[in-house]
1. Run down the aspartates and glutamates and flag those whose C-alpha is under 16 Å from the C-alpha of Lys65, throwing out any fewer than 8 positions away in its chain.
2. Output wanted: per-residue J couplings in Hz (rounded whole) for the range 99-107, from phi through Karplus 6.51 cos²θ - 1.76 cosθ + 1.60, θ = phi - 60°, x for Gly and Pro.
3. Rounded to a whole number, what is D in µm²/s for the chain from Stokes-Einstein with the Kirkwood radius over alpha-carbon pairs (10 °C, 1.306 mPa s)?
4. For Trp5, Trp107, Trp112, which order do you get if you count the other beta carbons within 10 Å of each Cβ and list the fewest first?
5. Given the options Cys56, Cys85, Cys32, state which has the largest fluctuation in a GNM of the chain using a 10 Å cut-off (strictly under) for Cα springs.
6. Label-point separation (nm) for Tyr6 and Glu76, each offset 7 Å from Cα along Cα-to-Cβ?
7. Calculate, for Lys98 and Ile68, the FRET efficiency according to 1/(1 + (r/R0)^6) with r their C-beta to C-beta distance and R0 35 Å; round to the nearest 0.05.
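We did not get these values from a lab; they are worked out from the coordinates using the rules stated. Predicted, not measured: the structure shown is a model, and the values here were computed from it. Ideal geometry is used to build each Cβ from the backbone, glycine not excepted, and the neighbour counts take in all protein chains shown.
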Amino acid sequence: MNTSWYEQELVKEFKTVIAHSFPQVDELLKHCHVKLIESYWGRPRVHFLPYFTIYCPDNLIADVKAKISILREVAEYTGLVEVVCLNATHLLRDPMSKVKQTDPRLWLELQWLATQKQEHLL
């Protein structure tokens, strides 16, 4: 699934604000994958507000969730209202997950992310 210019720019802006304003949080996000999710529901498809999803390896999920208020503040600054943290390691191991079929590129990103060795950062 191709990401739009709009999605790429919002993620870039989100990461830039984090990097300049919250260096410790930026260090955490360097080991995570940030994606803008645009959700739809029903027929005709009703567009809900987009939100950021942060895919984190198992060993960093608690640290990232501890910074959720900062992440939501920055998301609000970029015009979004929500940030969701997901455990990439668990998502990849979930036998019911359809990520590999629906978004192979994301699946590869998460595979790489989950196999990297990170030292405890904070």
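1. Asp26, Glu27, Glu73, Glu82
2. 4, 4, 7, 7, 8, x, 5, 4, 4
3. For these conditions, the coefficient is 105 µm²/s.
4. The fewest-first ordering by Cβ neighbours comes to Trp5, Trp112, Trp107.
5. Its mean-square fluctuation being the largest, the pick is Cys85.
6. 2.3 nm
7. For R0 = 35 Å, the calculated efficiency reads 0.85.
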